[in-house]
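One structure is given below, encoded as structure tokens.
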Amino acid sequence: MTIVVRTLAERIFEVIRERIIEGKLSVMEPVRQDALAKELGVSKIPLREALARLEHEGLLTSQPNRGWFVQPMTSDQAEEIYELRLAFEPVAAARGARMATEEDQKAAIAAFERLDTAANSALSEVGVRNREFHVTLVRPGQRLLTTQLTERLEVLAERYVIAHLEPAGRGNRAHTEHKGLLEAWLARDEDAVRAQLTHHIANTLEDLRAHFAVSPTG
């Protein structure tokens with residue numbers, strides 16, 4: 001059994017990260033450190049550690065004498081995130097398919113089912129579940145840096161995932177693409193995994209380009 005010990009700053013980091021992803025913190029207003037520390041029942045020291053890490057992760061930005069602000073979603077960032085994903089994630093997932101154990105395959109099926117449930121009943125959770133599903137396909141490849149990079153990009157992509165799914169019909173298409181990807185992954189069909197994941201990521205990027213063309217924010 002693996003025991004994971006998380007510091008207070010790590011727990012705060014996770015709470016604030018999820019609030020950013022779910023749109024619960026305003027992009028226009030500074031993060032209210034006093035109120036947040038009081039709400040979470042923590043001192044400002046671990047809170048600031050968490051905020052600094054969120055800035056490093058690309059979800060916050062700091063301004064002199066003004067504090068931290070939520071990083072706005074922009075077309076440039078979407079392009080960078082999804083182009084980076086296209087560059088290595090399909091190959092990494094194919095490697096994961098080849099090396100997956102039976103337990104890894106069960107974990108991938110469970111991650112897909114959680115994503116499917118969220119898509120049907122809890123849209124606010126879709127970003128997190130989507131991240132878990134994609135990382136689960138890569139992790140069996142046993143390359144720590146690749147897995148960490150995948151997870152970091154997925155975290156940055158989560159807000160964009162929600163924006164991508166808002167138009168009618170895209171959630172159904174994403175479900176179909178995820179299902180086909182999982183089937184290829186379970187069959188250890190590396191060529192199909194690479195092709196389907198490339199198609200899936202590229203489709204999302206095209207949708208986001210259309211989204212920003214209608215509502216440009218950067």
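The values are calculated or read from the model by the stated rules, or taken from the named source; none is laboratory data. Just so it is clear, the model here is predicted, and its values are computed rather than measured. Cβ atoms come from the backbone with ideal geometry, glycine included; neighbour counts cover every protein chain shown. Surface accessibility is based on the protein's heavy atoms, side chains included, excluding ligands, DNA and RNA. Shrake-Rupley method; radii C 1.70, N 1.55, O 1.52, S 1.80 Å.
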Yes/no for residue 213 being at pLDDT 95 or above and surrounded by fewer than 17 Cβ atoms within 10 Å (Cβ to Cβ): no
Members of region 94-106 that are touching a residue at least 24 places away in the same chain (Cβ under 8 Å) and either surrounded by fewer than 17 Cβ atoms within 10 Å (Cβ to Cβ) or touching an Asp or Glu at 6+ places or on another chain (Cβ under 9 Å) (or both): 94, 95, 96, 97, 98, 99, 101
Test for residue 109: is it under 20 Å from residue 129 (Cα atoms), in contact with a strand residue (DSSP E or B) (Cβ under 8 Å, 6 or more places away or on another chain), in a helix (DSSP H, G or I) and in contact (Cβ under 8 Å) with a residue 12 or more places away in the chain: no
Matching residues in region 13-62 - criterion: being outside any helix (DSSP H, G or I), open to solvent by 60 Å² or more (accessible area, probe 1.4 Å) and of a type in the set (A, V, I, L, M, F, W, C): 28
Search result, residues across region 50-80 that are touching an Asp or Glu at 6+ places or on another chain (Cβ under 9 Å) and farther than 19 Å from residue 26 by Cβ: 53
Enumeration of residues in region 50-70 that are of a type in the set (D, E, K, R) and more than 16 Å from residue 14 (Cβ to Cβ): 66
Among (1) open to solvent by less than 60 Å² (accessible area, probe 1.4 Å); (2) in a helix (DSSP H, G or I); (3) under 22 Å from residue 133 (Cβ atoms) - the single one residue 83 does not satisfy: (1)
